[in-house]
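Remarks on the structure that follows.
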C-alpha cells in the first residue's frame with residue numbers, strides 16, 4: 001500500500017514535469033442591464049420580464065398625441081402673443097399721434113377763438129345799436145351757430161328783445177317760433193359750456 005502511494009505520487013510529479021499545467025481561469029459572468037427604453041422600443045425581445053402590452057402602447061400613443069397638441073397650442077399662443085405685442089405697439093403709436101393732433105388742434109382752436117372774439121364783439125356791438133326788428137331780419141340770413149355767438153356777447157335784455165321780435169315776426173309761422181326756441185336752448189348750452197371751461 002505504501003508502495004502504491006509512492007508510485008501514485010511519482011506518477012503525479014512526473015506528469016507535472018512533462019506537461020505544462022495551467023490554472024483554470026473562471027470569468028465572472030456579467031449580467032446584461034436592459035433599459036426601459038430598449039424594452040419599450042422592442043429592442044430586447046429575449047428579456048424574460050418583457051412587459052410591453054397593447055394598453056401601454058395606447059398610453060404612450062396618447063401621451064405623444066397630447067405632447068404634440070401642447071406643442072401646437074404653445075406655438076399658437078406664442079404667435080398670438082407676438083400679434084398682441086404688435087397691435088399694442090400700433091395702438092400706442094396711434095394714441096400718441098391722436099394726443100399730438102389734439103394738442104395742435106386745441107392750440108389752433110384757441111387761436112381761432114381769440115382772433116374771432118374781437119370780430120364777434122364788433123358785430124354784437126353793431127347789432128345792439130340796430131333795432132330788434134332789423135337785427136332779426138339779419139339773423140334770419142345767418143347760420144345759427146354764428147347767431148348764438150353774437151347773442152352770447154349781447155346783454156341779456158337785448159337778447160330778450162331780439163327773441164321777442166322773432167316771435168312777433170313769426171306770427172303764425174311756426175318755423176320762426178321754433179327757430180327762436182332753438183336759439184334760446186343753444187344759447188343756454190353755450191353759457192353752460194363757457195361756465196364749465198372757465
The range 130-198: relative contact order in percent, alpha carbon pairs under 8 Å with at least 6 residues between: 36 percent
FRET efficiency for residue 140 and residue 192, using Cβ-Cβ distance with R0 set to 35 Å, rounded to 0.05: 0.85
Pairwise label distance in nanometres, residue 67 with residue 178, each label 7 Å out on the Cα-Cβ vector: 7.8 nm
Cα shape, the range 130-198, gyration tensor, a/c 1.5 rule: prolate
Added length on full extension, which subtracts the Cα-Cα distance from 0.36 nm per residue, residue 116 to residue 10: 23.6 nm
The range 50-198 - convex hull of alpha carbons, volume per residue in Å³: 214 Å³
Rounded to whole Å, sorted largest first: equivalent-ellipsoid semi-axes of the range 118-158, Cα gyration tensor: 13, 13, 9
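Quick note: the coordinates plus some simple rules give every number you see, no bench work behind them. These figures come from a predicted structure and were not determined experimentally. Ideal geometry is used to build each Cβ from the backbone, glycine not excepted, and the neighbour counts take in all protein chains shown.
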